[in-house]
Ligand code: NAP
Ligand code: GDD
């Protein structure tokens, strides 16, 4: 029988890849999209366009995850078999500037989904994926797995941790089938432009095409475990196939600093970067020409930083048979190659990759 999935945050990076994945499996896919994302020229609409809006099994619903009544009536109408709760304010840096709305979207938004399923008496018919995050580990030393202490370092991490506990509580109290996917950083050509990997990939291609202004970055020494979003959405789906609801880390298991990402991205276009100076005076220089390619901007540092994330996804490997296919170098190559093909008019050819 055809399954029906409801994806909140369908206009985001993961929402687009997940929708494509589920449509490919024959699902009817319903997505929640904010009204301001549903119109050009916003990024969200561009991602959905890449999915081809006219797909007969894809239905978009205007709405907001913070609107409890609307969320409840939508779930009642859609009668989904699976809900993937991806909607979030996902920019960690921004969450320091908008802590209250971060909690509203990331925590209360999750509560609205859980409560809707409970109130509608759908506990036994719906399986829920909750987008939890490695940001919840915060200052806990690496490697991090499902049993590691959670010490978040941002309003985003705190809000995600509260949502994680709400999901666990509803699972235990009301028998909801809800899985927390504790996902480490995953990137793609569809990544939002403010995230560091996309920002670097874009700048590198701009340099290739004649850019002269140095790229500005913040903390070069933060270490992240970067994987490819296309691999990770399959893990979300696999969690909901498992016989019991549980929590799973998904990660590549390979961590690098932002500095290394910069070096490898420039190396991809044949530029060797040498670092000179210290602290905010540090610069990334083209070793051949002496040109400054990277400057440090103090404003891009966060009030508190997560220094080192390195995931241990052995539980997901053993229990779900999940393994990522795209390694660090392949991810960088994919992002740069897709960036090279973006037309100058702002439209895009996304989702060819992966
Ligand atoms: P993303 O690209 O920022 O997508 C998030 C989506 O949520 C956006 O489309 C956004 O809509 C939507 N949204 C925000 N506020 C909303 C609201 N009030 N009502 C309805 N929709 C709203 O993030 P992503 O990278 O795809 O991540 C998906 C989920 O996984 C997020 O929950 C994120 O926190 C979590 N996560 C991501 C990673 C990662 O590395 N990517 C790792 C761990 C966890 P607009 O387009 O209108 O802004
Ligand atoms: N965004 C950004 N911009 N980050 C920078 C910059 C810059 O110019 N310069 C250095 N960084 C550093 C940040 O300080 C951080 O340590 C690292 O690059 C990664 O930043 P982001 O790409 O913004 O991602 P994130 O790790 O903060 O959060 C992402 O991953 C989480 C999972 O660990 C987001 O996708 C979250 O939603 C997700 O939960």
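The values are calculated or read from the model by the stated rules, or taken from the named source; none is laboratory data. These numbers come from a predicted model, not from an experiment. With ideal geometry, Cβ positions are generated from the backbone for all residues, glycine too; neighbour counts draw on all protein chains shown.
Observations, loosely collected:
- Test for residue 122: is it more than 15 Å from ligand 2 (Cβ to nearest atom), modelled with pLDDT of 95 or more and farther than 30 Å from residue 330 by Cα: yes
- Selection from the stretch 136-149 of residues that are within 20 Å of residue 314 (Cβ to Cβ) and within 19 Å of the chain's Cα centre (by Cα): 136, 137, 144, 145, 146
- Of all residues making up the stretch 1-26, the number that are over 14 Å from residue 60 (Cα atoms) and not in a helix (DSSP H, G or I): 5
- Annotation note: of 263, 234, the sole residue that is out of contact with any strand residue (DSSP E or B) (no Cβ under 7 Å at 6 or more places or on another chain), at negative phi, modelled with pLDDT of 95 or more and assigned to a helix (DSSP H, G or I) is 234.
- Subset of the stretch 285-297 that is within 16 Å of residue 208 (Cα to Cα) and in a strand (DSSP E or B) - its residue that is nearest to ligand 2 (Cβ to nearest atom): 294
- Residue within the stretch 197-209 that is part of a strand (DSSP E or B), buried (at least 23 other Cβ atoms within 10 Å of the Cβ) and more than 13 Å from ligand 1 (Cβ to nearest atom) present: no
- Which numbered condition residue 80 misses (of (1) modelled with pLDDT under 95; (2) touching a strand residue (DSSP E or B) at 6+ places or on another chain (Cβ under 8 Å)): (1)
- Some residue of the stretch 161-175 being surrounded by fewer than 23 Cβ atoms within 10 Å (Cβ to Cβ), over 20 Å from residue 240 (Cβ atoms) and in contact with a helix residue (DSSP H, G or I) (Cβ under 7 Å, 6 or more places away or on another chain): yes
- All positions within the stretch 172-208 that are more than 14 Å from ligand 2 (Cβ to nearest atom) and farther than 13 Å from residue 337 by Cα: 172, 173, 174, 175, 176, 177, 178, 179, 207
- The one condition from (1) away from ligand 1 (no atom under 16 Å from the Cβ); (2) in contact with a strand residue (DSSP E or B) (Cβ under 6 Å, 6 or more places away or on another chain) that residue 137 does not meet is (1).
- Looking across the stretch 298-316, the residues that are surrounded by fewer than 16 Cβ atoms within 10 Å (Cβ to Cβ) and in a helix (DSSP H, G or I) come down to 298, 299, 300, 314.
- Of all residues in the stretch 216-246, those satisfying the criterion of being under 19 Å from residue 310 (Cα atoms) and over 17 Å from the mean Cα position of the chain (by Cα) are 219, 220, 221, 222.
- The residue pairs whose first member lies in the stretch 160-188 and is farther than 30 Å from residue 335 by Cβ, whose second member is within 11 Å of ligand 2 (Cβ to nearest atom), and whose beta carbons are closer than 9 Å, counting only pairs six or more residues apart or on different chains, are 162/106; 167/132.
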